[in-house]
Structures are given as C-alpha cells and as structure tokens.
Amino acid sequence: MNRFYSKGLALWVFILAQGYSQAQSKGPDLLQQNFITPNQAARPRVWWHWMNGNISKGGIHKDLLWMHRSGIGGFQNFDAGMITPQIVTKRLSYMTPEWKDAFRYATRLADSLKLEMAIAGSPGWSESGGPWVTAKDGMKKLVWREMRVKGGQSLSVNLPKPPATTGDFQNVPLSAQSSGLSEKPPTPPEYYEDIAVVAYRLPAADISLTELNPTITTNDGSFTLEQLTDGDLATTNLLPRDSVAGYGWIQFAFAQPQTIKGVSVVGGGTRSAFGITIQTKDRSLEASDDGVNFRRIAFIPLGIIAQQTITIPPTRAKYFRVTFKNPSAAPGFGAMMGASRQAPKPPAGTSIAEVVLHPVTRINHFEEKAGFATATDLASHLTPASADIIAERDVIDLTGKLNADGALNWTAPDGNWKIVRFGYSLTGKQNHPASREATGLEVDKLDGRAIRDYFTTYLNQYKDATGGLMGARGLQYIVTDSYESGQNNWTPLMAQEFAKRRGYELLPWMPVLTGQVVKSTEASEKFLWDYRKTIAELIVENHYDQLTTILAKYGMKRYSESHENGRVFIMDGMDVKRTAAVPMSAMWTPGPGGSSLTMAQADIRESASVSHLYGQNLVAGESLTSIGFGGNAWAYSPERLKPTADLEMANGLNRFVIHTSVHQPVDDKIPGLSLAIFGQWFNRHDTWAEQAKAWTDYLARSSYLLQQGKFVADVAYYYGEDNNITGLFGAKLPDIPTGYNYDFVNPHALINLLSVKNGKLVTPSGMSYRMMHLDSNARNMSLPVLRKIAHLVKNGAVISGVRPENSPGMNDDPQEFTRLVTEVWGSNKPNVHTGKTVTEVLNALHIVPDFEYTKPQATTQLLYVHRKVADGDVYWVNNRSDLLETLKVTFRVSGKVPQIWHPETGRMEAASYRIADGRTTVPLHLAPNDAVFVVFRTSTTQMSVTLPEVTEKEVATLEGSWNVTFQSNRGAPRESTFDKLASYTENPDAGIKYFSGTATYTKAITLPVTANGKGVELWLDLGEVKNLAEVIVNGKSMGIVWKKPFRVNVSNTLKPGENKLEVNVTNLWVNRLIGDAQPGVTNKLTYVTMPFYQANSPLQSSGLLGPVKLLSR
C-alpha cells in the first residue's frame, strides 16, 4: 500500500517486464478476474444464532438481505438457548409449526440469494443430542461396586447394584450444565444395565484401610475412616480452611509403619476439560515418622473428573496426610462485567468425599487411562513395575451366578477375593446451549445404531422444516462444532467390538478399568491403550464417518471441528475431520477466554493438514470468536480484527466462518441481541454493518487465492498415537525452521496415504514432502505404523526425529517390533537421521528455504503461505508488525515474473526483482499489519528488473474547520462545526461525546492547476481514523478504507479548482453504550442483553482524527 505508480508508468512496466501486450493475451485471466471479484466459494460465512425463540420473518428477511449485500457467502444456523429476554410478541419454540414456517422462509430466501446454508449437529452447538434421544441411547459410562470376601468357603452374599447415578464417574452426580448465561436444562433421567460380575484373587499385600484401622485427624472439622473409604463419592464433609497455614489437612496415623504405594482423592476441585491447564499444587501427599516433621511425597494433580488416583514411590511411614490448599474465591460476574461490586467471599473450606491410601500398586491415573477423562501426558504417568498383581487365571467370570435380586452363590477358592459387579449408567450430558424444549440427552457416541437413529430423526425434522429443500439447494451442510460433551467409555456392544478389533476378550481385563493391575503393569497399560483405541475407533466410525454417509442420502455434507482446545475427547482430531467435506477449526480474538493463539494455530493447522492430505482443499475456521469482558463487547473493527484473521490464513485457513451474526428479530432494539457474553458482534445492527463489504471483500480475495492450486510444504510432521494436535502443540508449535512449511500427519494418513516417489513423500491428493519428522510422542509406536515407516524408508523416504522405544498394544509382536526398529534405525541408513533437528536435516539435504526475508528491525516478522497453481506460484505474505516494513523477500522460485496483488482493493502492480541461484528476490514495502500476494506466473529469461523509485511529497494539509452531520436517532445534534479534528470524546456536547454511528465530515478544497500534472497520482491520506471511512469526492465514492494507511487515490476525481470532499466516518457502539449507562439517563438509545459497560468504562477514541493530507506521487 506504500508504493503507487501512475497508470502510464505501471502499464509500461507491465508490458516490459512480462513480455507481452494485451493484443497477445489469450482471453480473460480467470485468476485475476476472480481475485478482483471473488466467487461465493471464497466468501466468508457467518454463524447465525436464533436466540431462545426470538425469531421473526421480518428479521430473517433483513438479516439475509444484509448478508447478501455485505458479501457474505452463507450462514450456519444454531438454535441457542442462552438466557435471552423475550423481545418478540410471540416466542417461536423449536420445531413447532410456527418455528418451521420461519425456517422454511429462511431456507427459500437463502436459496434465492444463493447463500450457502448449514445447521448445527444438534440444537445448541454441542454435539449430537435432543429430546428425542431415549435413556437407553444416551452417553454411557462404566460403573461398578466391590465387595471383599474370604475364600475357601461357600459364599452366599447380596451384591448391591453399582450406582445408577447420572454423572461422570461412579455415584458423583452430574455437575451443573447451566450457568448464569443459560437457563437450567431439564433434569436428565437415570438408566442402568448390568454388564458382568467378576471375582479376582487379591495380592497378599492388598489389605483394606479398614483392616489397618488408622486414626483419622484433621486441622479442623470431623472425618471418619468409614466416610473417607466407603466408596460414596457424592457425600462430602467440609475441611475448614486454615488461614494461618494456608491449607487444611487430613491425617492417617497407623499403629505401625505401613508401606503406601498410591492414593485416590475425591475433593479439592477439578480442572477444566478445555485447553491445556497447568497443573496446580493445591493438593499433596506427605509422610512422617513422628507425626511432627512431614516430607512431601507427591503432588496430587486435579483431574477433569472428581476422582484422581496416582501411584507414588513405595513409602513406608507411620503417618500420612493429604493437604488441601485453601480454596480461592471465584471471580464475580459483576467484576468481569466491569461493575463496581464487592468481590465474593472465599469458600469456608474444601469439600472432601474420599481419601484412600493404597498399600498396593494401582494403575497410575487410571481414571484417564480408562476413558473417564482425557489427558495429554499419559506417557509420562506410566505405572511402575510391581509384584502387586492379579494373575490372569485368578480372574473368574461369575456373571451366571448372580440372581435377579442381587444374590450371589459361589464357592470361593482359598485366598482373599474381591467381587466386582460391573454395569453402566448415563453420563447425563445434554446438547447445549439449546432452548429448553430442544434440550435432551446426548446420543451414545459409540453406538452406531443409536447415532443412525438420532441423525435420521434430526434430519427428517429439517426435511419437514425446509419443505424438502435440502441437498444441492437450500439446506446443504451440517456443522459439528468443537466437542463439549464429555467422555463416553461404555456402550452395549463394547465387549464384542473390543474382541473384534483387538483380538482378545475384554472381560478378564475389566478389573484394570477400576485401577487394578492384571498380569503386570506393562500388560495392564497395553490393555488400557487398546481400550482407548477401541473407544476412539468407535466414535470416528459411528459418529463422524457414519454421519458423512447419512448426509449423503440427503444430498448433504458436513463441516467438522474436533477438539479446538487441548484434548477434550479421546479422538484424534484429524480422524474426526478426514471424511468431512470441509475440515474446520477455530481461532478466537486475543483477550479473555477462549483458546490461546498458539492453540488456535495448532487447531487450524490440523484442519489444513487434513485438507491437504485428503484432498478437500477447503479449510474453514470458526473465526474471530470473542468474549465481551474487558471492554471487548461491540468493540471490534476490521482493522482490529485483521491481525487475527491473517494469523488464521498463515496457518492454512481459506474459508472464514465469522462468529457470530445473531439474528435480530426487531429494529427498535439496537444493537440488539447477542450470544450472551460471546461475540464478535457482526450483524446488521452493528454501526459498520453497511460498510462491511469492504472487510468481507478482503477476506474473500485472500481466501480465493489461498483456495487455488496445492499447498507447498517441505516437512510431514508425524505426531504419533493416543494423543491429538491441540493437546500436544497447544502451548508450543513444532520446531519447524522459519522459511519452511509443514503438514501434520497422523497414523491413518501415514498408513493409508503416504508413498514415495523420486525420494519424496507423496499423497494421492497431490501433496509432496521432502522429509518426515517423528515427534517425541511417537516413541510409543504401534506395529502397523512401524511397518509403514519401514516400508517408506526402504523406498527412499527421509525421516528424522525419535527412534521408537515401545509398542503400546497388547497384540503387537515384540520380536517384529525389535527387528523393524533395528532395520530402520540400527543400520546407518543415509535417509534416516536420528537425533537431528528438522533444520539440520533440511540443511543436510541442501534444501534452501522456500521463503526468506531481511530484518530491518528487531521486531520484523513475516508469515507466508505458498500455493502452487497450474501456471506458477502464489505466495501470501503477511507483516505481523504494526510498523511500516521496507525489506527484501526471497522466494524459492525462478524463471517467473513477480506481481504484487493487494487483497484489500484488488489492485495489481509490477515489482522489481532479481533471480539468482534458483530463487527470486523481491523488494516489498508493507504497511502495518499488511498482507499481499506475490504472484509468479509469466515466464521470463530476464534475470533482473528494477523499477523506477517513486517519490512522495505533500501537496497540502487540510486544516481549518469541518462541517459534521451525524446519523439521526443516535443522540447527537443534526450537525456541528469542528474547528479542528479531534475525537468525539473530547467534545463538551454529550450527544457528540457518546455518539456511535456514522458522521459525515464535509469540506471544500481547492486544488491548484499545477498539482495534477501528467504522470502524477494524487492520494488523499486521512491520517488516523476511528474506525472506518468512506471518501466521496465531488459526489463520487472513492471506496471505504478501514486500516492504516487510510488512503484513497483521487487522481481522476479531484479537479483543479474547488472540490467537495465528504468523509463518512463510522465508529463503534462502545461510546453510546457507555453514554446510556450514565447516571440520570432515562431515555436510552441502545438495548443489549448483557451489561458490559458501566458509567465509568473508558471511552474509545472516535471520528476523523487526521491530519488529512493531499499527497502526490
């Protein structure tokens, strides 16, 4: 944006440098045409939330027409039930005849406007559930009840049922699924079925705490051994806070020293399932020989579910105690909103349900390993070898001996035994945040029949609602949002599926799912790996792949997100997306809440890798999501959003799905409804709604070129098994050197897609990589993966990274594993680089960077994407600095002439260049946060072209007064005269001070005859603008500018003599919202559903700030 050329000069250079004239052109250049005017496939989509029945046909009509004229290519519709006041005369309840009539109207209108239309996978946004899901088809978990018995006798016992409690684990009740942001959902039902009864002989050292009978004491409060060890995880006692020590404690004092090898705790809180949570040190296990001097044995991390079991080094002591740091006060909602409210008091203490010390080894973190919760670091929590094992032969199936009334008759062999009755109950997870009447159980994600019934019912509802307009026209897609439904570790056919997939029976190993060790700790860990793999396969095949098949019957396809944050379910995220028509991810704007930018980059890279490997080409992203705390509500302009949008594109995104455009059913309440605290607030009631096309054109032009051709990458990055990309790389992305690009590769893609051609790794989709790097998570490598790597290496593929150390599955042949590892890594193969970084290997292969640049400033940073098109190469280049950057960029291309294409305007210009050593260096002048395309398409033998330098000089500064007229009904006077340019917030008139909307600045300017000479371009520079501006000269619009530099070319419009200049400046809603919060204001101009702003909230600088200058070039 900082180098402009006259039309004559530009045309001369264009002809000279490219070696052909317009007369020689062979028809229209479609790449150029579609860049200037992007097609629907390139245009951004929006999420369109219908809020709690606040729906009107009039609002639908206006919403969709605004989308159409604003350059939006489609919408994804959600029924959302977050607490929203009723602002329509009659609320339309989900799937009632009135609701269907409104939806049918939306479908037909969208079809007529050629807007792509999608719905969520359920009412709400997560995940696949509704009121038609019966209890037997809900998400399930394994539950059990244990009984210790002495063998060597005939037993007749009553074995109580395991808990039928609906919740995440055992009898822990379902945690609240609502908050202050959503109404309370219906109470989910209880459901229980038996699975099996198993008995096993206990190791000699497995003595219950009841037998050991320690004395229980605490810093305060009242606890008993029975309460702490009775298996009731729901009933809690309060451990009072200790303000002096900073923590409370529960102590076990034994009569004689005891050896303890593990501990299970229920109490002290849980951690979020989202993101990568840094483990706190709020809970710890200590030991003492004298009851006075304690030593810390281990911290007890918080789990996602209530119970956490850890293994510790065998510790012998007479006294053990578990400490709990005093809990902190939860942040107040009012404080987050910026209101001046008193902070809430901290809790009186910590609620504790269970603390069990284990004298034998238990499976370390068995809750996560058995699929009750997720974790990204299971490989670092292996269970140490131990003699405290249950022999396989000592696991006995007693299922046939259990009577209907729970009576069990059995002659037990000698020894001490534990009888376990296994069953399953519901997790109780419901689709959310849907309207109450659309809320029901989430369907069992492992059960193919239940999932088929669910989606068939759901789609048939919409078939009726659309009047059958589904498929190629009308309703075309389902979007499965990022997963928020918790874990699902049992299904009625689990035992059969496990045996079919893993090749051995599940039942003898079921004690391991409760934390017991069978055969050995190594064998038990392998079983748990197999169990998680089975869960993952069932979810992928039954929920996601089957959905693709079901949708095809309706002529529909799917967008799919996966984890978004950390590891939210056991699945591999690439597997979730591989049969989606459009792999999808998410990136939030910087600020409170949501995923970090690093996490989002990993997430988008996941979708991009799927698209590149499997051939979808499109990479969508839930884009620019935000939370309104901290002055962010209604506070986003295109200039502020651009760096985040550009970061999405830098990681492979080429279709924006903007979050969110809430349906506005009425026009007398503005800015109107929102998705509770969530934005970004992008709808027809935004102040800059009618200027939005300038922004969507930028996104569309960029997306169009990034959808062309094939992505260019040098590195295939294999990240291993039993984990996922956002879990592994959400805090730190892989160490890929600057100037090279990469795709992630998972086991399915590695085994099924990769082959070797001419020493490169290639895929059927057309991708090509120079090398593959094995992440440290690949140290545990299954035999099928190892076999494929050995095959690739044999055929010449270059690999680097870790050497596999273990095979994690039960049935992997250890001898074959050892042989293949030795074959690949033990014979000094030149294409196998062990212990070397990616940088070292690329250097050894003499692969020069695809992209390099000079760094004139310490903060200079550019990002790039390279696409190979049919007749050349397209590079997208992004300045990550808010400073002007003048630098040289070197591209791994030769024999082609570069052009610079500007996606903000569609303008194209020639560039200087120098070709040497197979690469082309181009000088670039990048505005703050700029992004341009450098396009190489026309062949040349000319090794260097230097264009004339362009000089810039100031013709005039437009000083003096401006006449300013204000948008009506926004509280400002009709017009005012500004003696000088300044922010509205400095104006003494409250109507102007708090004004939000569009104001027109008008001024007469006189242009000297000599200012507009031949070959000279005139540019109007507005200086600082808050936030967008449309420039009109002599009645002709020069376009909308929305980021620095706020400049327009006025060469052909500004004439010698007097000219009329109008600048329509639009700011944001923030100041008017603050104005309406002032004391004494009774006639508020605005209406919002969340009180984000208070009277003392800081105002935003607004208006045309200048200085306004006329420049010549």
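Does Asp242 qualify as being surrounded by fewer than 20 Cβ atoms within 10 Å (Cβ to Cβ), outside any strand (DSSP E or B) and within 41 Å of the chain's Cα centre (by Cα)? Considered against the rule, which asks whether it is surrounded by fewer than 20 Cβ atoms within 10 Å (Cβ to Cβ), outside any strand (DSSP E or B) and within 41 Å of the chain's Cα centre (by Cα), Asp242 comes out as yes. Counting the residues of the range 245-258 that are in contact (Cβ under 8 Å) with a residue 40 or more places away in the chain and part of a loop (DSSP other than H, G, I, E, B) gives 1.
Residues that are within 24 Å of Tyr559 (Cβ to Cβ), assigned to a loop (DSSP other than H, G, I, E, B) and among the hydrophobic types (A, V, I, L, M, F, W, C) within the range 59-95 comprise Ile72, Met95, listed in sequence order.
Pairs linking a residue in the range 449-465 that is closer than 21 Å to Asn542 by Cα to a residue that is among the hydroxyl-bearing types (Ser, Thr, Tyr) and surrounded by fewer than 22 Cβ atoms within 10 Å (Cβ to Cβ), with Cβ atoms under 7 Å and 6 or more positions apart or on different chains, are Leu459/Tyr554. Quick check: anything in the range 897-906 surrounded by fewer than 18 Cβ atoms within 10 Å (Cβ to Cβ), closer than 20 Å to Lys642 by Cβ, touching a helix residue (DSSP H, G or I) at 6+ places or on another chain (Cβ under 7 Å) and at pLDDT 95 or above? The answer is yes; a qualifying residue exists. Taking first residues from the range 845-864 that are more than 30 Å from Asn831 (Cα to Cα) and partners that are surrounded by 17 or more Cβ atoms within 10 Å (Cβ to Cβ) and of a type in the set (Lys, Arg), the Cβ contacts under 7 Å between residues at least 6 apart in sequence or on separate chains come to Gln861/Arg880; Leu862/Arg880.
Residues in the range 878-895 that are within 15 Å of Arg919 (Cβ to Cβ), in a loop (DSSP other than H, G, I, E, B) and not polar (S, T, N, Q): Arg892, Val893, Gly895. In the range 951-987, of all residues being of a type in the set (Gly, Ala, Ser) and part of a loop (DSSP other than H, G, I, E, B), the one that is farthest from Ile1005 (Cα to Cα) corresponds to Gly971.
May I ask you to verify whether Glu541 is surrounded by 24 or more Cβ atoms within 10 Å (Cβ to Cβ) and touching a residue at least 24 places away in the same chain (Cβ under 8 Å)? Criteria not met by Glu541.
Scanning the range 989-1019 for residues that are more than 22 Å from Trp1069 (Cβ to Cβ) and not in a strand (DSSP E or B) turns up Pro1008, Val1009, Thr1010, Ala1011, Asn1012, Gly1013, Lys1014, Gly1015, Val1016, Glu1017.
Look at Gly268 and say whether it is among the small types (Gly, Ala, Ser) and over 36 Å from the mean Cα position of the chain (by Cα). For Gly268, the condition - among the small types (Gly, Ala, Ser) and over 36 Å from the mean Cα position of the chain (by Cα) - is not met.
Of all the numbered requirements in (1) surrounded by 15 or more Cβ atoms within 10 Å (Cβ to Cβ); (2) at pLDDT 95 or above; (3) touching a helix residue (DSSP H, G or I) at 6+ places or on another chain (Cβ under 9 Å), Val1063 misses one, and that requirement is (3). Would you check if there is a residue in the range 1072-1085 being within 25 Å of Gln691 (Cβ to Cβ) and part of a strand (DSSP E or B)? No, every residue in the range 1072-1085 fails to be within 25 Å of Gln691 (Cβ to Cβ) and part of a strand (DSSP E or B). Set side by side, the residues Thr738, Thr726 differ, and just one is surrounded by 23 or more Cβ atoms within 10 Å (Cβ to Cβ), among the polar types (S, T, N, Q) and either outside the structural domain of His563 (by TED's automatic domain parsing) or part of a helix (DSSP H, G or I) (or both), which is Thr726. Considered as a group, the residues in the range 183-225 that are modelled with pLDDT under 95, exposed (fewer than 14 other Cβ atoms within 10 Å of the Cβ) and in contact with a helix residue (DSSP H, G or I) (Cβ under 9 Å, 6 or more places away or on another chain) include one that is nearest to Pro240 (Cα to Cα), and that residue is Lys184. Residues that are more than 14 Å from Arg45 (Cα to Cα) and hydroxyl-bearing (Ser, Thr, Tyr) within the range 654-684 comprise just one, Ser674.
Screening Val715, Val657 for residues that are touching an Asp or Glu at 6+ places or on another chain (Cβ under 6 Å), over 22 Å from Asn1071 (Cα atoms) and in contact (Cβ under 8 Å) with a residue 24 or more places away in the chain leaves exactly one candidate, Val657. Is one or more of the residues making up the range 270-279 touching a strand residue (DSSP E or B) at 6+ places or on another chain (Cβ under 9 Å) and small (Gly, Ala, Ser)? Scanning the range 270-279 turns up no residue that is touching a strand residue (DSSP E or B) at 6+ places or on another chain (Cβ under 9 Å) and small (Gly, Ala, Ser). Here the condition is being of a type in the set (Asp, Glu) and in contact with a Gly (Cβ under 6 Å, 6 or more places away or on another chain); of Glu437, Glu484, Glu442, it holds for Glu442 alone.
Of Thr886, Thr890, all but one fail to be within 19 Å of Val865 (Cβ to Cβ) and either outside the structural domain of Gln33 (by TED's automatic domain parsing) or not charged (D, E, K, R) (or both); the exception is Thr890. None of Ala990, Ala982, Ala927 is in contact (Cβ under 8 Å) with a residue 40 or more places away in the chain, under 44 Å from the mean Cα position of the chain (by Cα) and assigned by TED's automatic domain parsing to the domain that holds Ala870 except Ala927. Only one of the listed residues (Glu442, Glu368, Glu354) is surrounded by 20 or more Cβ atoms within 10 Å (Cβ to Cβ), within 30 Å of Pro301 (Cβ to Cβ), among the acidic types (Asp, Glu) and out of contact with any Asp or Glu (no Cβ under 8 Å at 6 or more places or on another chain). That residue is Glu368.
Within the range 356-366, which residues are out of contact with any Gly (no Cβ under 6 Å at 6 or more places or on another chain) and not aliphatic (A, V, I, L, M)? Selection gives Pro359, Thr361, Asn364, His365. When each of Leu402, Leu441 is tested for being farther than 30 Å from Met95 by Cβ and modelled with pLDDT of 95 or more, the lone residue that passes is Leu402. Taking every residue in the range 218-232 that is over 14 Å from Thr323 (Cβ atoms) and pairing it with any residue that is surrounded by fewer than 17 Cβ atoms within 10 Å (Cβ to Cβ) and of a type in the set (Asp, Glu), at least 6 positions away or on another chain, the pairs with Cβ-Cβ distances below 8 Å are Gly231/Glu146.
The values are calculated or read from the model by the stated rules, or taken from the named source; none is laboratory data. These figures come from a predicted structure and were not determined experimentally. Positions of Cβ are generated from backbone atoms using ideal geometry, with glycine treated the same way; all protein chains shown enter the neighbour counts.
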